[in-house]
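Input: a single structure, listed below in structure tokens.
We did not get these values from a lab; they are worked out from the coordinates using the rules stated. Note that the coordinates shown come from a computational prediction; the quantities given were computed from them, not determined experimentally. Cβ coordinates were reconstructed from backbone atoms using ideal geometry, including for glycine residues, and neighbour counts include every protein chain displayed.
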Amino acid sequence: MTDPTFQFTRAITRRPAASITMGLRAEDIGTPDLDGMLAAHAHYVATLKSTGAEVIELSPLDTFPDAVFVEDTTLCLPQGAVMMRPGAPSRMGEVAEMEPTIRSVYDDVHRIKGPGHIEGGDILVTGREILVGRSDRTDAAGVAELTDIVSKWGHTVREVFTPPGVLHFKTDCSLLDGETILSTKRLDDSGCFEGYCVLHVAEGEEAAANSIRFNELVLAPAGFPRTAEMLRKNGYEVVEINNTECAKLDGGMSCLSLRF
């Protein structure tokens, strides 16, 4: 199934650092195993490359345990990029580390200056608008500053709200094509996807909602067979990636790359 919305030519990833064991987590469900994370990350990168895209692989950053989750640092759009301002103080320095790479591939780069906060995990770019979820990491001031920047590029921003207890908006949803969204029922029940085609993850498989469409593939976390089967029945080519270790740090498929 081909969709021109998802014809990416590049992605940026960062290898996990040994300090990943000290990464942030909303709930302690165990310490990530570095070897396991490295193996899964290598599979993830290889899958991106298998579509013909160039993957820029950045070195680990021991100073920033969560730096593997590059999506939170930057919003990549066709017209330019916007450097985020993370809501977690320990992650603020990741943006400066990412900025030189972004400037090497984009001519027009802006920065969220604050005082508000916004993270890429709360931003879903659809075929018609940019949905930004308010969360513990993204506030009204951050959304307003982003809106001011991207409106000059012709984008419309719509503020929505992330369910209580859910870290990021995209923890509970992902884009399958320009008008189709994979979502948990709890997020869809909020009404934020009215007018879109919405496919629900299977009950008990809510973590499968954080998948990514990359060229002809859907990269989905392994271990959620009913959701994977549903996606395949709807015509999507699914590659399942082990997300066991990333999940211990509230991470998922979208968190691990910047796609443009």
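Using alpha-carbon pairs under 8 Å, 6+ residues apart, how would you state the relative contact order of the chain in percent? Present the calculation step by step, with values, prior to reporting the outcome.
Working: 534 pairs, mean separation 60.4, N = 260.
Relative contact order, the chain: 23 percent.
For the pair Glu229 and Met92, how long in nm is the line joining their label points, each one 7 Å along Cα→Cβ?
4.9
How much length would be gained if the chain were fully extended between Met22 and Gln79, taking 0.36 nm per residue of separation minus their Cα-Cα distance, in nm to one decimal? Walk me through the numbers before you get to the answer.
On the way: separation 57, 0.36 × 57 = 20.52 nm, distance 3.57 nm.
Residue separation times 0.36 nm, minus the Cα-Cα distance, leaves 16.9 nm.
Between Ile241 and residues 5 or more places away or on another chain, which pairs have amide H atoms under 5 Å apart, with H built 1.01 Å from N, and which residues are they?
So Ile241 has HN proximity to Ala220, Ala222.
For Glu216 and Lys113, compute 0.36 nm times the residue count separating them, minus their Cα-Cα distance, and round to one decimal in nm.
Values: separation 103, 0.36 × 103 = 37.08 nm, distance 3.58 nm.
Additional length available on full extension: 33.5 nm.
Considering only region 4-259, what is the antiparallel percent among its DSSP beta bridges, to the nearest 5? If you can, show how the numbers build up before the last one.
Numbers: 16 of 38 bridges.
In region 4-259, approximately 40 percent of DSSP beta bridges are antiparallel ones.
For region 161-166, just list the computed ³J(HN,Hα) in residue order, Karplus coefficients 6.51, -1.76 and 1.60, θ = phi - 60°, integers in Hz, with x standing in for Gly and Pro.
10, 7, x, x, x, 9
Under the Karplus relation 6.51 cos²θ - 1.76 cosθ + 1.60, θ = phi - 60°, what is the ordered set of whole-Hz ³J(HN,Hα) values for region 80-86, x standing for Gly and Pro?
Computed from phi, the couplings for region 80-86 are x, 10, 10, 6, 7, 9, x Hz.
Arrange Leu256, Leu24 by Cβ neighbour counts within 10 Å, fewest through most, would you? Don't skip to the end; give the middle numbers.
Details: Leu256 26, Leu24 14.
Ascending Cβ contact count within 10 Å gives the list Leu24, Leu256.
Under 5 Å between amide hydrogens, which residues at least 5 positions from Ser257 or on another chain qualify, with H placed 1.01 Å from N in the peptide plane?
Val70, Glu71
List the residue ranges in the chain for DSSP H helices whose C-alpha atoms run 18 angstrom or more along the long axis and whose Kyte-Doolittle average is -1.0 or above.
Values: long enough: 34-49 (22 Å, 0.53); 93-105 (20 Å, -0.15).
Qualifying helices, which must be both long enough and hydrophobic enough, are 34-49, 93-105.
For region 4-259, what D do you get in µm² per second when you plug the Kirkwood radius from alpha-carbon pairs into Stokes-Einstein at 4 °C and 1.567 mPa s? Please list the in-between numbers first.
Values: Rh = 18.1 Å.
Once the numbers are plugged in, D ends up at 72 µm²/s.
Test of understanding: ordering Ile29, Ile123, Ile149 by Cβ neighbours within 10 Å, fewest first, what list do you get? Walk me through the numbers on the way to the answer.
Details: Ile29 11, Ile123 26, Ile149 18.
Fewest-to-most Cβ neighbours within 10 Å comes out as Ile29, Ile149, Ile123.
For a quick check: with amide H placed at 1.01 Å from N, whose amide H comes under 5 Å from Val157's, ignoring anything fewer than 5 positions away on the same chain?
Long-range HN contacts for Val157: Ile130.
Report the extension gain between Val238 and Ser190 in nm, rounded to one decimal, defined as 0.36 nm multiplied by the number of residues separating them, less their alpha carbon distance.
On the way: separation 48, 0.36 × 48 = 17.28 nm, distance 2.72 nm.
Residue separation times 0.36 nm, minus the Cα-Cα distance, leaves 14.6 nm.
In whole Hz, what ³J(HN,Hα) sequence does region 170-179 give by Karplus (6.51, -1.76, 1.60; θ = phi - 60°), x for Gly and Pro?
7, 4, 10, 7, 7, 9, 9, 7, x, 10
Within a 10 angstrom radius of the beta carbon, how do Asp62, Asp172 rank from fewest other beta carbons to most? List each step's numbers first, then the result.
Numbers: Asp62 12, Asp172 24.
Ranked by crowding around the Cβ, least crowded first: Asp62, Asp172.
If I model a spin label as a point 7 Å beyond the Cα along the Cα-Cβ vector, how far apart are those points for Glu159 and Ala42 in nm?
4.5
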